[in-house]
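Remarks on the structure that follows.
The values are calculated or read from the model by the stated rules, or taken from the named source; none is laboratory data. Computed from a prediction, not measured in an experiment: that's the story for all the values here. Using ideal geometry, Cβ is built from the backbone for each residue, glycine included, and neighbour counts are taken over all protein chains shown.
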Amino acid sequence: MASVVRAALIQTTGIQPVEAMLERQSSLLREAAAKGAQITCLQELSTGPYFCQTEDPKWFDIAEDVPDGSTTQTMAELAKELEMVLVVPLFEKADAFYYNTAVVIDSDGSYLGKYRKNHIPHGPNFQEKFYFKPGNLGYPVFDTSVGKVGVYICYDRHFPEGARALALNGAELVFIPSATAGRSRKLWFTEQRGHAIANLYYVGTINRVGVESEGPNEFYGHSYFCDPYGEILAEAGEEEEIIIADLDFDSVREARVDLLFWRDRRPDTYDALVAP
């Protein structure tokens, strides 16, 4: 396994129907592959607009089974063709429940598993509790062909506990696909760089851009990669964009020797953190 991995993030605007969005995402993934990307993550709920700006039952019709649904199958074929690891967030239906999910597919097209968003927000223009049950799969880390990859989704990023759990589970790179607007911009660069530093792994975080038909949010983009020291390696603007960064996974191990946070942790003193 190569130490240096070329990774990509894709930020775009959500459109309808799902088939049109998948076609657009597939085109962008081919562009990323042409730039040498070995692993790429799409934005939160990447198969359409961020429909959670309103409460409308019609959106339950686009929820899909995983891994047997059309999006996972289509992306698995594309991953195999492009020899690229893919992280594909989508709206999942499972046993009459619905989840905000990210599917992880290896570079040979094999399905590695999924992460379900654990922290579900609800407020003006982010009415997710109408649609999603909180995740119930913990904080898995996926052993991909390029390295150990974790996923945290949007609102999750406000909670350091899950970010730490991903590190404890072995993550070298954590993707945080998002759909965020408004006052979150004040936190966008601080929080996620903080996760990278506290946990000594790479972070690749993705946002949408523009105004979509389902609500008033104006997504501000600025997707970025940062290293285990919190240094930004590549950053997008506020238009549709593919950003690329070369991530040296050896530097994760080196950072954990340089900054001895792992040695000096005191889990025996942290019981109060999990008190209800």
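Here are some notes:
- Criterion: over 28 Å from G138 (Cα atoms), without any contact (Cβ under 8 Å) to a residue 60 or more places away in the chain and surrounded by fewer than 21 Cβ atoms within 10 Å (Cβ to Cβ) - qualifying residue of E235, E241, E254: E235
- Scan region 57-98 for residues that are in contact (Cβ under 8 Å) with a residue 60 or more places away in the chain and loosely packed, with under 14 Cβ neighbours inside 10 Å and the total you get is 1.
- Which numbered condition D227 fails, given (1) without any contact (Cβ under 8 Å) to a residue 12 or more places away in the chain; (2) buried (at least 19 other Cβ atoms within 10 Å of the Cβ): (1)
- Within region 34-47, the residues that satisfy the criterion of being at negative phi and surrounded by 19 or more Cβ atoms within 10 Å (Cβ to Cβ) are A37, Q38, I39, T40, C41, L42, Q43, E44, S46, T47.
- Complete set of residues in region 211-243 that are β-branched (V, I, T) and under 20 Å from L29 (Cβ atoms): I242, I243
- Selection count where residues are in contact (Cβ under 8 Å) with a residue 60 or more places away in the chain and under 22 Å from A8 (Cα atoms), scope region 118-158: 8
- Every residue from region 1-39 that is over 18 Å from F175 (Cβ atoms) and part of a helix (DSSP H, G or I): V18, E19, A20, M21, L22, E23, R24, S26, S27, R30, E31, A34
- Residue in region 251-260 that is more than 30 Å from F126 (Cα to Cα) and touching a Gly at 6+ places or on another chain (Cβ under 8 Å) present: no
- Any hit, region 141-155, residues being out of contact with any Leu (no Cβ under 7 Å at 6 or more places or on another chain), over 18 Å from M84 (Cα atoms) and either among the charged types (D, E, K, R) or surrounded by fewer than 21 Cβ atoms within 10 Å (Cβ to Cβ) (or both): no
- Between N118, N136, the distinction of being farther than 30 Å from S3 by Cα and either among the β-branched types (V, I, T) or surrounded by 15 or more Cβ atoms within 10 Å (Cβ to Cβ) (or both) belongs to N118 only.
- With respect to (1) surrounded by fewer than 17 Cβ atoms within 10 Å (Cβ to Cβ); (2) at pLDDT 95 or above, the lone exception for Y202 is condition (1).
- Any hit, region 205-219, residues being crowded, with 18+ Cβ neighbours inside 10 Å, in contact with a Pro (Cβ under 7 Å, 6 or more places away or on another chain) and closer than 16 Å to F126 by Cα: yes
- The strands (runs of 3 or more DSSP E) falling completely within region 69-148 that include 3 or more residues that are at pLDDT 95 or above and closer than 22 Å to G36 by Cβ map to 85-94.
- Top-ranked residue in region 157-180 [being crowded, with 21+ Cβ neighbours inside 10 Å and farther than 14 Å from P140 by Cα; ranked as nearest to the chain's Cα centre (by Cα)]: P177
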